[in-house]
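Worksheet for the structure shown next.
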Amino acid sequence: MLKEKNIVGILAFGDEMGGGIYQYTQSLIDALKGDESNKYVVFCNKNDNRFDTLPLEVRKVNKRNRNLQKKMLEYFLIIFNIRKPITFTSNELGTFEDIDLFISPSISLYPHFFIGKPFIFTLHDMQERYYPQFFSKKERFFRWLNARVLCKEAISIICESRFVKNDIIKFLGISKDKISIIESPPPEEFLNFNFKVEKIGEVIRKYNLPDNFIFYPAQDWPHKNHLKLVEAFNIVKKTNPNVSLVFIGSQKENFDVLMEKINNLNLQESIVHLGYIDYEDLPYLYKLSEMLVMPSLFESVSIPIFEAFSIGTPVVCSNVVALPEQVGDSALVFNPIDILDISNKIIMLLENEKLKNDLVKKGFERIKNFNHENYKTKLIQLIS
């Protein structure tokens, strides 16, 4: 369908505050940067310097300046599935003109939908179908609209679990043959991380980390279920008074409610919220922690779980959506709305060193074939 050596555009407009899509995009680039059968061009925001040392061409794009009239026109184009770059400047069109195929790690429509180019995209989840209360009516509408038009026009759709594939078929009526399940490994810096002993103390001091802590890296969205975890942790403290809980992640809409819950339970001295941290420090927090806990109410695939497996950190997580599929027998699972179940599983892992070691071994086994060479092979099959 495409010429012998394609020029493939990788859309990397997400930033560090974007959560898992940021790591997902990095891993995608880690895999494809070694492919010589195609030429790859990474598109990112003008002020994004993280790709400057890549052995790939990087094109930095100015943030779009669209007035209300242009936005309304684009909504019209999307609703009626009209793939025309009517709102694009000549400079914008020139930036993307030579690209044969776009890869988008998210459900964004820019620029591939409007300029009529072939594209592959990743649909990570359809959470709004299960927890509509976490989204406004406007958000639900545009999530549905974007997913509908992208799934219809894409040459291929990537997802990371059977659960999400079934949702795409069920809710959007897409043929199963158009959907590929391709799990993304953690970024290279996790899979090949080289711990520096001298930096361990530096990271502890930098963030004033407690001696023994449970770790939860997640933005403060309601579905991340911080509140139930705090209630469960309050029970854990009764038998393990010296353990702490460390949160990291951007402070989103649920942050104030979370802080109020912590204060009401008098856990201010035992729970630390570090907000966003430097990405290069993240592996050290995994390594220093007693465990990763993932109490999310909805998670198609959890990148932190694979990160924890690769670092050698035991995992306890929710038994919902695709998480049981993801972890197999490599983690303890719990009901995320049952604080007794959550606390019991955490206590079980805190107090059983053999169980910890067994889960670490199983975690390594779970991702032993997770490398960017295998990932690249699967991606190239879609591109070819």
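Some notes on this structure:
- Were the residues from LYS199 through ASN45 laid out at 0.36 nm apart, the gain over their Cα-Cα distance would be 52.4 nm.
- On the beta carbon distance between ASN319 and GLU188, with R0 = 25 Å, the FRET formula returns roughly 0.25.
- Taking packing as the residue-averaged number of other Cβ atoms within 10 angstrom, the listed peptides 75-83, 6-14, 306-314, 268-276 run from highest to lowest as 306-314, 6-14, 268-276, 75-83.
- Helix 255-264 vs. the chain, principal-axis angle (Cα, 0 to 90°, nearest 10): 10
- Once both labels are positioned 7 Å from their Cα atoms along Cα-to-Cβ, the gap between ILE155 and ILE380 label points is 1.6 nm.
- A simple spin-label model places pseudo-atoms 7 Å from Cα toward Cβ; at ASN81 and LYS354 they are separated by 5.9 nm.
- By the Kirkwood approach, averaging reciprocal distances over each pair of separate Cα atoms, segment 95-136 gets a hydrodynamic radius of 12.0 Å.
- Taking a ≥ b ≥ c as the square roots of the eigenvalues of the Cα gyration tensor, an a/c ratio of 1.5 or more together with a/b larger than b/c marks the chain as prolate.
- Cβ crowding within 10 Å averaged over residues, with 21-29, 85-93, 145-153, 45-53 ranked highest first: 21-29, 145-153, 85-93, 45-53
- Angle in degrees between helix 197-207 and the longest Cα principal axis of the chain, rounded to the nearest 10: 90
- Based on C-alpha pairs under 8 angstrom that are at least 6 apart in sequence, segment 158-238 has a relative contact order of 21 percent.
- Whole-number percent relative contact order across the chain, with pairs defined as alpha carbons under 8 Å at least 6 apart: 15
- Anchor LYS237: lysines whose Cα lies under 24 Å away (excluding residues fewer than 8 positions away in-chain): LYS224, LYS228, LYS261, LYS287, LYS345, LYS354, LYS356
- Computed E for ASN335/ASP211 - FRET, C-beta separation, R0 41 angstrom, nearest 0.05: 0.85
- The chain: most fluctuating residue of LYS362, LYS345, LYS71 per GNM, C-alpha cutoff 10 Å: LYS71
- The modelled label-to-label distance for the pair ASP177/GLU260, using points 7 Å beyond Cα in the direction of Cβ, is 5.4 nm.
- Taking the helices alone, the chain has a mean residue ellipticity at 222 nm of -12500 deg cm²/dmol, built from -39,500 (n - 2.57) per DSSP H run of at least 4 residues and averaged over all its residues.
- Sites ARG66 and GLU280 - FRET efficiency at Förster radius 35 Å, r taken between beta-carbons, to 0.05: 0.50
Since every read-out is calculated from the coordinates, none of them should be taken as a lab result. In this text the structure is predicted, and so the values were computed from the model without any measurement. Note that we place each Cβ from the backbone using ideal geometry, even for glycine, and neighbour counts take in every protein chain shown.
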